[in-house]
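Enquirer: Mind having a look at this structure? Questions to follow.
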Amino acid sequence: MKHLIATIFLLFSWNLSAKMLDKIMAVIDENIITLSQVNRIQDNLASRKNISPPIYSNENMARDEIVDLVIRKFLIRDKLAETGYIIGDEQVESQINATEKRLGLNREALMSFLKSTNLTFNEYFDIIRETIEFNIFQGKVIVPLINITDQEVKNLFYKQNQGNATFTFKYLLTDFYLEHPTPTKVSTFKKMLEKYQVSGILPEEFSTMQTNVLGNVTEDGLTPELTRLLKKTGEGQFTTPIKINDIYHVFFVKKKDLVESEIFNQAKERIKMGLYEEKAKGMISVWFKREGARHYLKYFYKRKETK
């Protein structure tokens, strides 16, 4: 029924006058998004970014991006309502009061500040509501979908610091090696091992391959070439082939630890948060596409094609 009401209102607004005062950009359920709303958000994006960077992450956004941002706001609000989270005016007002107290401002000073940043109090009020809703949405809906492993954290740390010559590592390695292989075997050696790791099937042409497990290997005594190769190879990954004494080796890095572990421990939480933010962006994008399909959504303008 609400979709029917929205459609009737939409048709009425388009035919009310030959001279349009505004333009309807999109409809999401019973919510209408107009061109004037989009233009207004574009006018004060910098101020919105200062207040809520997780939502307004960019000071320059195209029309399509802003329309999608508004649609996402309504999708989040609807999802939270389904799970019993409705952010009322009292909660928003409480958050604003806490901000005023923290900054040593009264309401008059806040209003004056907002005016200087091209924001009305009603806009500020709505941004605070959006931010509270977005934080709950991330915590209740997105966070449970994200898994960050210790291996991912380690690999990113090592990648960020692979040029640091002062770092030394210890390894648990599996050495796969071939004696007198053809050039073709050498070029496909690593790729074959990656497939072998998944399928457990060893191709006939690699039947002469041999293995050796090497535990607690430190960089002392390793050749500079092998040290560089292992440093840039992440935990759980295979190195590229390396020739040692006329034998071609590919090493699987089963475990890789920094000898100076305190350096890694200090950086671990920062790296984990960075990985979370990166994964959350992708997960949120997927969630919105899937969630949007459950709602009445119609655009009334030509959108730019995305590759």
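Enquirer: Answer yes if at least one residue in the stretch 137-152 is in contact (Cβ under 8 Å) with a residue 24 or more places away in the chain, among the aliphatic types (A, V, I, L, M) and in contact with a Ser or Thr (Cβ under 6 Å, 6 or more places away or on another chain), and no otherwise.
Expert: Among the residues of the stretch 137-152, not one is in contact (Cβ under 8 Å) with a residue 24 or more places away in the chain, among the aliphatic types (A, V, I, L, M) and in contact with a Ser or Thr (Cβ under 6 Å, 6 or more places away or on another chain), which makes the answer no.
Enquirer: Look at T168 and say whether it is closer than 30 Å to Q210 by Cα and modelled with pLDDT under 95. Write out each step before concluding.
Expert: Values: closer than 30 Å to Q210 by Cα: yes; modelled with pLDDT under 95: yes.
Against the criterion (closer than 30 Å to Q210 by Cα and modelled with pLDDT under 95), T168 qualifies.
Enquirer: Output the number of residues of the stretch 144-155 satisfying the condition of being in contact with a helix residue (DSSP H, G or I) (Cβ under 8 Å, 6 or more places away or on another chain) and either open to solvent by 50 Å² or more (accessible area, probe 1.4 Å) or under 21 Å from P224 (Cβ atoms) (or both).
Expert: Within the stretch 144-155, residues that are in contact with a helix residue (DSSP H, G or I) (Cβ under 8 Å, 6 or more places away or on another chain) and either open to solvent by 50 Å² or more (accessible area, probe 1.4 Å) or under 21 Å from P224 (Cβ atoms) (or both) number 2.
Enquirer: Please specify each residue of the stretch 224-238 satisfying the condition of being under 28 Å from the mean Cα position of the chain (by Cα) and polar (S, T, N, Q).
Expert: T233, Q237
Enquirer: Quick test for you: out of I244, I263, pick the one residue that is among the β-branched types (V, I, T), closer than 22 Å to T182 by Cα and open to solvent by less than 70 Å² (accessible area, probe 1.4 Å).
Expert: On the way: I263 fails: closer than 22 Å to T182 by Cα.
Testing whether each residue is among the β-branched types (V, I, T), closer than 22 Å to T182 by Cα and open to solvent by less than 70 Å² (accessible area, probe 1.4 Å) leaves just I244.
Enquirer: Of all residues being aromatic (F, W, Y), under 19 Å from T34 (Cβ atoms) and in contact with a Leu (Cβ under 9 Å, 6 or more places away or on another chain) in the stretch 278-307, which is surrounded by the most Cβ atoms within 10 Å (Cβ to Cβ)? Just the residue, please. Show your work before the answer.
Expert: Filtering the stretch 278-307 for residues aromatic (F, W, Y) gives 287-288, 296, 299-301.
Adding the requirement that they be under 19 Å from T34 (Cβ atoms) leaves 296, 299-301.
Those still in the list that are in contact with a Leu (Cβ under 9 Å, 6 or more places away or on another chain) too: 300-301.
Numbers: F300: 15, Y301: 13.
Here the residue is F300.
Enquirer: Another question about this same structure. Test R40 against the criterion of being among the charged types (D, E, K, R) and within 26 Å of E277 (Cβ to Cβ), and give yes or no.
Expert: Details: among the charged types (D, E, K, R): yes; within 26 Å of E277 (Cβ to Cβ): no.
Judged against the criteria, R40 is not a match.
Enquirer: Scan the stretch 121-133 and report the pairs whose first residue is without any contact (Cβ under 8 Å) to a residue 12 or more places away in the chain and whose second residue is open to solvent by 20 Å² or more (accessible area, probe 1.4 Å) and among the hydrophobic types (A, V, I, L, M, F, W, C), with Cβ atoms within less than 6 Å and a gap of 6+ or a chain change.
Expert: Qualifying pairs under 6 Å: F121/M111.
Enquirer: Pairs, please: C-beta under 9 Å, at least 6 apart or cross-chain, first residue touching a residue at least 40 places away in the same chain (Cβ under 8 Å) and in the stretch 287-301, second in a loop (DSSP other than H, G, I, E, B)?
Expert: H295/D29; Y296/D29; Y296/E30; L297/D29; F300/K23; Y301/K23
Enquirer: Filtering the stretch 29-61 down to residues that are open to solvent by 60 Å² or more (accessible area, probe 1.4 Å) and among the charged types (D, E, K, R), which residue is nearest to L110 (Cα to Cα)?
Expert: K49
Enquirer: Within the stretch 176-208, can you find the residues that are surrounded by 13 or more Cβ atoms within 10 Å (Cβ to Cβ), over 39 Å from the mean Cα position of the chain (by Cα) and over 20 Å from L230 (Cβ atoms)?
Expert: Scanning the stretch 176-208 gives P181, E205, F206.
Enquirer: What's the number of the only condition in (1) assigned to a loop (DSSP other than H, G, I, E, B); (2) free of Cβ contacts under 8 Å to residues at least 40 places away in the same chain that E262 fails to meet?
Expert: Unmet condition: (1).
Enquirer: Looking only at residues in the stretch 62-99 that are out of contact with any strand residue (DSSP E or B) (no Cβ under 9 Å at 6 or more places or on another chain), charged (D, E, K, R) and open to solvent by 80 Å² or more (accessible area, probe 1.4 Å), which one is farthest from L297 (Cα to Cα)?
Expert: Among residues in the stretch 62-99 that are out of contact with any strand residue (DSSP E or B) (no Cβ under 9 Å at 6 or more places or on another chain), charged (D, E, K, R) and open to solvent by 80 Å² or more (accessible area, probe 1.4 Å), the one farthest from L297 (Cα to Cα) is E90.
Enquirer: I've got another one for you. Go through the stretch 156-171 and give me each residue that's among the hydrophobic types (A, V, I, L, M, F, W, C) and either in contact with a Gly (Cβ under 9 Å, 6 or more places away or on another chain) or surrounded by 14 or more Cβ atoms within 10 Å (Cβ to Cβ) (or both). Spell out how you get there, then give the answer.
Expert: To start, the set of residues in the stretch 156-171 that are among the hydrophobic types (A, V, I, L, M, F, W, C) comprises 156-157, 165, 167, 169.
Matches in the stretch 156-171: L156, F157, F167, F169.
The values are calculated or read from the model by the stated rules, or taken from the named source; none is laboratory data. Predicted model, so just to flag it, every value in this text is computed and none were measured. All Cβ positions, glycine included, derive from the backbone under ideal geometry; neighbour counts span all protein chains shown. Heavy atoms of the whole protein, side chains included, go into the accessibility calculation; ligands, DNA and RNA do not. Shrake-Rupley method; radii C 1.70, N 1.55, O 1.52, S 1.80 Å.
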